[in-house]
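**Student:** Dropping the structure in here first, questions after.
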Amino acid sequence: MKFKFWGVRGSIATPGPKTLKYGGNTTCIEVRTDDNNLIILDAGTGAHILAQDLLAQMPLKAHILITHTHWDHIQGLPFFTPMYIPNNAIHIYGGRDMVTGQGIKRALDVQHQYSFFPIPVGHLKAEVHYQDVNEGVKFKIAEATITPITLNHPVINFGYRIDCDGQSLFFTGDYEQQYNIYSPEDTEYEGFQESIDERLSTLVDIIQGVDALIIDSSFTSEEYTQKKGWGHGSYEAAIELATRAQVKQLYLTHHEPTRSDAELDVIYAELLENHPNLDFELHLAQEGLEVLL
Amino acid sequence: MSTISEQEIIDYVEAMPAFPKSVNKVIHLTSDMDSSVKEIVTVIESDPVMTVKILKVINSAFYNLQTKVSSIQRALVIIGINTIKNLAISVAIIGILKPYRTKYFDTDLFLEHSLATAFICKSLAERQGVSSMHSSDYFIAGLLHDFGKIVFAERFSELFNLALEKSYQTETDLNILEKEYLGMSHAQVGYMLAIKWELPVDLAKAIEGHHQLPTDLLGHCLFAANQIAKQSKIGASGNPIINPLPIESIELFGATAEDLIEELGGIPAIKATVQHLIGV
């Protein structure tokens, strides 16, 4: 199995001279099984660049796993050109929104509305299928097994574990580990903490031992104190989770949109310096980076 | 006698608004970006309608959660506060529950009784060594045990009033008369809804059996909490009959209802906690 980053930026695309190295496109990761089956994790603006690459491979069968429906993870869908070409089959997977009760199809329908996009969703030429995913309910994509788990974010967000060819990876989508909303003196504090710990253990069990963990780590620890509850993780929280789950490689992604290449380089150097004895490889996700597991 | 259909109940509850105070609080708190998360959770957990509607969504077959969720706090840890907040808003915008006040039943007093039962049920669970994480499930069981009554009062008020009237006049347990006049007791309605919405089976069974001899710890805590709330005259459930604690419960707690009230700090202290929950 191998994977390639086509978008690593959080929130909004950030093209320009300051993001040439790590890239300015929003989340999109291409995963290929050994049999060359195509799984795409999220369809941020990076999906548009990926689509250009895929044009030489028609007819195409693609499985797109959407972690959640915030713009930076779906904005590339209407620009995913294989959807406009007959004989392609696109399978889109995602969680059902709890507030509207609607499935993942809505992410596409809304973007293709008259006011927002010139081509109605009915004009897609490929065969497009939609599938709900459920917490802990595994499903197969060709020979790959996918395990979804709900992760804390300000909208329903699924992390996905992919097991295939004896290898595994886990992608969180956007994720902030839930913090305790109570103060230690509140009677609810302890019980809430138990719930947090229980939930974290469930996540660690699912991630346990993966070859690659790709995780939302938008903030430094200092920044995080000001951004608690925004739904994104910190570099340190990512390293802690990776250590606990005994992963083999850790990829920090969802780079904060105002972060320049130079700033990311400094952060990376500091992380390596502060954690000299990690049992896993530590990397910053970078657009164009391909990893063979 | 006339009877009501399950479908009528289900249809009504789908569009049922929540209690005025919590609707106003949710609208106020969610319009303020700086409002505290714990305050929002407390408001939701102080309203049976809001709570039940959120638990209904999270436990629905659409999401197929491996472990059923029976408290808002645990729901929050799984799906995050923003989704909980928006679910609460979607309930709040339905409108507010119209007050129902007759000689025998009053929505404000009903809410007070539900919250008193919730608080006492949770306290008894903790007293019996239930972990803090699970004691919030006991709170919810107390909050929702009489949910069927508020459905009767709001949707089938005439028949419910006949049952209430006869219950007071003949000093007969309201459950029996609900079955006679409405075809189902409030406990059966609560159970039916809980099963229909795929809430945890333990919770559904506790609601169904809260007037029967308890068979498990949740049952014992809920039965005792309900009777203690009535005996202490905190709010009013609409049922004039107060049942003594079964001998099995007294043995389990190693205490009578009076002992338990004393342990909880006495009636004024329990009342004050309930008032605090209502006022949040």
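The values are calculated or read from the model by the stated rules, or taken from the named source; none is laboratory data. On a predicted model such as this, the values are computed, not experimentally measured, just so you know. Ideal geometry is used to build each Cβ from the backbone, glycine not excepted, and the neighbour counts take in all protein chains shown. Just so you know, the surface numbers come from the protein's heavy atoms only, side chains and all, with ligands and any DNA or RNA stripped out. Shrake-Rupley method; radii C 1.70, N 1.55, O 1.52, S 1.80 Å.
**Student:** Between A:33, A:45, A:19, A:100, which is free of Cβ contacts under 8 Å to residues at least 24 places away in the same chain and polar (S, T, N, Q)?
**Tutor:** Among A:33, A:45, A:19, A:100, only A:100 is free of Cβ contacts under 8 Å to residues at least 24 places away in the same chain and polar (S, T, N, Q).
**Student:** Among the residues of region A:146-205, write down those that are under 27 Å from residue B:139 (Cβ atoms), touching a Lys or Arg at 6+ places or on another chain (Cβ under 9 Å), surrounded by fewer than 16 Cβ atoms within 10 Å (Cβ to Cβ) and among the β-branched types (Val, Ile, Thr).
**Tutor:** The answer is none; no residue qualifies.
**Student:** Which numbered condition in (1) under 21 Å from residue A:22 (Cα atoms); (2) surrounded by fewer than 15 Cβ atoms within 10 Å (Cβ to Cβ); (3) within 14 Å of chain B (Cβ to nearest Cβ) is the only one that residue A:266 fails?
**Tutor:** Just one mismatch for residue A:266, condition (3).
**Student:** Can you tell me which of A:169, A:108 is of a type outside the set (Lys, Arg) and over 30 Å from residue A:235 (Cα atoms)?
**Tutor:** A:108
**Student:** Can you find, within region B:173-231, the residue that is farthest from residue B:68 (Cα to Cα) among those that are open to solvent by 10 Å² or more (accessible area, probe 1.4 Å) and among the hydroxyl-bearing types (Ser, Thr, Tyr)?
**Tutor:** Looking at the filtered set, the residue picked out is B:181.
**Student:** In region A:206-232, what residues are away from every other protein chain (no Cβ under 14 Å), in a helix (DSSP H, G or I) and surrounded by fewer than 17 Cβ atoms within 10 Å (Cβ to Cβ)?
**Tutor:** Result: A:221, A:222, A:223, A:225.
**Student:** Within region B:71-107, restricting attention to residues that are in a loop (DSSP other than H, G, I, E, B) and within 11 Å of chain A (Cβ to nearest Cβ), which residue is nearest to residue B:50 (Cα to Cα)?
**Tutor:** Checking each candidate, the answer is B:71.
**Student:** Could you please give the count of residues in region A:56-92 that are within 14 Å of chain B (Cβ to nearest Cβ) and open to solvent by 10 Å² or more (accessible area, probe 1.4 Å)?
**Tutor:** 2
**Student:** Here is a check on your reading of the model: is residue B:118 more than 14 Å from every other protein chain (Cβ to nearest Cβ), small (Gly, Ala, Ser), more than 15 Å from residue B:182 (Cβ to Cβ) and touching a His at 6+ places or on another chain (Cβ under 9 Å)?
**Tutor:** no
**Student:** May I pose another question? On the given criteria, is residue B:47 open to solvent by less than 10 Å² (accessible area, probe 1.4 Å) and more than 18 Å from residue B:79 (Cα to Cα)?
**Tutor:** Criteria met by residue B:47.
**Student:** Can you tell which of A:198, A:176, A:190, A:194 is at the interface with chain B (Cβ under 9 Å from one of its Cβ atoms), of a type outside the set (Gly, Ala, Ser) and not in a helix (DSSP H, G or I)?
**Tutor:** Of A:198, A:176, A:190, A:194, the one residue that is at the interface with chain B (Cβ under 9 Å from one of its Cβ atoms), of a type outside the set (Gly, Ala, Ser) and not in a helix (DSSP H, G or I) is A:176.
**Student:** Evaluate the following for residue B:188: is it part of a helix (DSSP H, G or I) and without any contact (Cβ under 8 Å) to a residue 12 or more places away in the chain?
**Tutor:** no
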